[in-house]
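Working notes, structure below.
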Amino acid sequence: MKLPRRLVPVAASALAAAAALVVPQAVPSAGSAEPAAVRASKHDDFVIVGHRGASGYRPEHTLASYELAARMGADFIEPDLVTTKDRVLVARHEPEIGGTTDVAAHPEFAGRKKTKQLDGVAVTGWFTEDFTLAELKTLRAVERIPAVRQHNTVFNGHYQIPTFQEVIDLSKRLSKELGRPIGIYPETKHPTYFRQQGLALEPGLVRTLDRNGLNRKDAKVFVQSFEVSNLKALHKELRVPLVQLTSSSGAPYDFVVSGDKRTYADVVSAEGLREVATYAEGVGPSKDQVIPLDATGKLGKPTALVANAHQAGLVVHPYTFRVENTFLPTDFDSSAVPSDSGNLFGEIAAYRKAGIDGLFTDNTDIAVAEEAEAR
């Protein structure tokens, strides 16, 4: 069996694998990533994306989480991008940071807590756009779902909120160290929300990619969004592949605001995917849009999404593959305990059989091991 290139540094020694489990907070440094591209017409290289890093093992969207994902064999690391008051792009799952940082323990920021309308939903907490970067850097990350990932809470308070530039610097350094390109797969979070506040994400994203020499067709970069209009605008400014994210319910928020009645179900229809292909190279569906669950919570039969996407010339990278029972179809559960680890190998194998081109996972090591077995 020939190991994929990503496995060579990992499989080289037991010491390398052990070191990956104790990776410290990374110190960013400059380097140069090796160019690579994953094109819609090339389906022989399965893409493994470290979802928010290796968030099954470290608090998400920290340099430690991204570094661990890369060392475990991820092809890409995924920063979700939001902005600070002083227009610096940082990596957080949402603009609200009460659940992912220790901000509530900082009395100096108690007055920043407020309720805002986030894509039409009232959300109460602390928001990145109300902080300068210097202020955010005084906070520390915490585990977002401690009831499920209690083992991750040991790292609470140890890692800062990274900037987008720091994530790029990390990917360049690790590309050189590991001898293979570590790509970045940034997502613009709630672009309409930030645009409404006069803090549009897209200009900073384009500037940062330009400044780092990453706005080119052969850069190992994908840019993704759950909205449509900002991807169409970015299509005119970026030369990297774009990915249209979708959900099993609801609609793109820019559609809601503009009065467009189409939903995500329309976006992933055969006609909708042909439209996506006019501005993007891939689609990132919720995994149940690829294989829905039956009434008992077990995997059902695959939909036509993958075939229709491939017919339109799009790659398919569904989300999110996680090892805990609470996130798995019931036929892959190991027990009745939601936080116990189940059969993620089996779930990934089922989706690979359905023809997906890659996936987002919190457990890079398992996805890499499953790929090695599949070969």
Alpha-carbon centroid distance for the pair segment 293-353 / segment 82-99, whole angstrom: 30 Å
Highest-fluctuation residue, 333, 45, 365 considered, GNM on the chain with Cα pairs under 10 Å: 45
Matching label, semi-axes √(5λ) of the Cα gyration tensor in Å computed from the structure shown, candidates [x] 34, 21, 19; [y] 72, 24, 18; [z] 28, 26, 22: [z]
Cut-off under 5 Å, modelled amide H: who pairs with residue 315 long-range: 282, 283
Sequence-distant lysines (8 or more away, or on other chains) whose Cα lies within less than 19 Å of residue 114: 85
Highest-fluctuation residue, 70, 307, 91 considered, GNM on the chain with Cα pairs under 10 Å: 307
Average Cα contact separation per residue, the chain, under 8 Å, 6 or more apart, as relative contact order %: 18 percent
26 Å Cα-Cα threshold exceeded, pairs from 137/287; 189/261; 137/236; 220/287: 137/287; 137/236
Most fluctuating residue given options 270, 354, 110, as computed from a GNM of the chain linking Cα atoms under 10 Å: 110
Under 5 Å, built H, 5+ apart or other chain: amide partners of residue 83: 90
Those aspartates and glutamates that a straight Cα-Cα span of less than 20 Å connects to residue 217, excepting residues fewer than 8 apart in one chain: 34, 44, 45, 75, 78, 169, 187, 202, 237, 281, 357
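No value in this document is a laboratory result; all are computed from the given coordinates. Being a predicted model, the structure only gives us computed values, none of them experimental.
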